[in-house]
1. Pick from A:F49, A:F32: which is over 19 Å from B:S39 (Cα atoms), touching a residue at least 40 places away in the same chain (Cβ under 8 Å) and open to solvent by less than 50 Å² (accessible area, probe 1.4 Å)?
2. Return a yes/no flag: does region B:34-53 have any residue that is within 29 Å of A:E59 (Cβ to Cβ), in contact with a Pro (Cβ under 7 Å, 6 or more places away or on another chain) and of a type in the set (V, I, T).
3. Just checking, which of B:L56, B:L48 is open to solvent by 50 Å² or more (accessible area, probe 1.4 Å) and among the aliphatic types (A, V, I, L, M)?
4. Please work out which one of (1) open to solvent by 60 Å² or more (accessible area, probe 1.4 Å); (2) more than 14 Å from chain A (Cβ to nearest Cβ) is the condition B:G62 fails and give its number.
5. Determine which single condition B:I11 fails, assuming it passes every other condition in (1) more than 14 Å from every other protein chain (Cβ to nearest Cβ); (2) in a loop (DSSP other than H, G, I, E, B); (3) under 28 Å from B:K113 (Cα atoms).
6. Having 2 or more residues that are free of Cβ contacts under 8 Å to residues at least 24 places away in the same chain is the bar; report the strands (runs of 3 or more DSSP E) wholly within region B:20-114 that clear it.
7. Residues to consider are B:S39, B:S70, B:S80, B:S26; find the one that is under 26 Å from A:T5 (Cβ atoms) and more than 11 Å from the chain's Cα centre (by Cα).
8. Which one of the conditions (1) more than 9 Å from chain B (Cβ to nearest Cβ); (2) closer than 14 Å to A:G108 by Cβ; (3) surrounded by 20 or more Cβ atoms within 10 Å (Cβ to Cβ) does A:P25 fail to meet, given that it meets all the rest?
Amino acid sequence: EPEVTQTPSHQVTQMGQEVILRCVPISNHLYFYWYRQILGQKVEFLVSFYNNEISEKSEIFDDQFSVERPDGSNFTLKIRSTKLEDSAMYFCASSGYRVGNTIYFGEGSWLTVV
Amino acid sequence: AQSVTQPDIHITVSEGASLELRCNYSYGATPYLFWYVQSPGQGLQLLLKYFSGDTLVQGIKGFEAEFKRSQSSFNLRKPSVHWSDAAEYFCAVGPPAAGNKLTFGGGTRVLVKP
């Protein structure tokens, strides 16, 4: 069973610090995503990425956030200056290019901003 | 705009009993529908998905779901639950396109009594 892997699994950071969350999508997938889940709330879409550019982003994904595929395997989410309200579980996901392809999720990175 | 409602926040069921989780969606056209499961400390695992064709969809772990267009519902069922089915279950809807962004419901937490 292919899987999406994420690091770190947990991170505690001080408010105002930069955080980078890393993901290794499934190797032959072409679409990459970040979602987040604030404790007790719904899983929310942040951004999708295809062909080395953002294909769609939500209103949550403001200038504090950025995504990058720095090499052929990693996909990162950077939060430039973290706020308390950024505390959440962040899920990376990936899917193939065909209509109807399953979106596979990683196990998540739990970010706590103090 | 697409949306998903899972009316039941918690459900408690006895081991061996049947389970039905409700999901209602709002979407302008025929959507793609998904059920994911999240066990404690784990990521989101796909149980099943519906794109077209037979409205009764079989998934993993003995789960099935039925798409009812007239009721805008996609309820998840399992005839006989096991203690390992205790988890949180999320219904999601997405547009029929590659790289589709998913909109999740609020989730239903299932507790299994011995």
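1. Working: A:F49 fails: touching a residue at least 40 places away in the same chain (Cβ under 8 Å).
That would be A:F32, the only listed residue that is over 19 Å from B:S39 (Cα atoms), touching a residue at least 40 places away in the same chain (Cβ under 8 Å) and open to solvent by less than 50 Å² (accessible area, probe 1.4 Å).
2. no
3. Being open to solvent by 50 Å² or more (accessible area, probe 1.4 Å) and among the aliphatic types (A, V, I, L, M) holds for just one of B:L56, B:L48, which is B:L56.
4. So B:G62 meets the others, but not (1).
5. Among (1) more than 14 Å from every other protein chain (Cβ to nearest Cβ); (2) in a loop (DSSP other than H, G, I, E, B); (3) under 28 Å from B:K113 (Cα atoms), the lone unmet condition for B:I11 is (2).
6. Values: elements: B:24-26, B:32-38, B:44-50, B:56-58, B:64-68, B:73-78, B:87-94, B:108-113.
Result: B:44-50, B:56-58, B:64-68.
7. Details: B:S70 fails: under 26 Å from A:T5 (Cβ atoms); B:S80 fails: under 26 Å from A:T5 (Cβ atoms); B:S26 fails: under 26 Å from A:T5 (Cβ atoms).
Exactly one residue qualifies, and that residue is B:S39.
8. (2)
The values are calculated or read from the model by the stated rules, or taken from the named source; none is laboratory data. From a predicted model like this one, the values you see are computed outputs, not experimental measurements. Because the Cβ atoms are built from the backbone with ideal geometry, glycine has one as well, and the counts that use them run over all protein chains shown. With ligands, DNA and RNA removed, areas are computed over all heavy atoms of the protein, side chains included. Shrake-Rupley method; radii C 1.70, N 1.55, O 1.52, S 1.80 Å.
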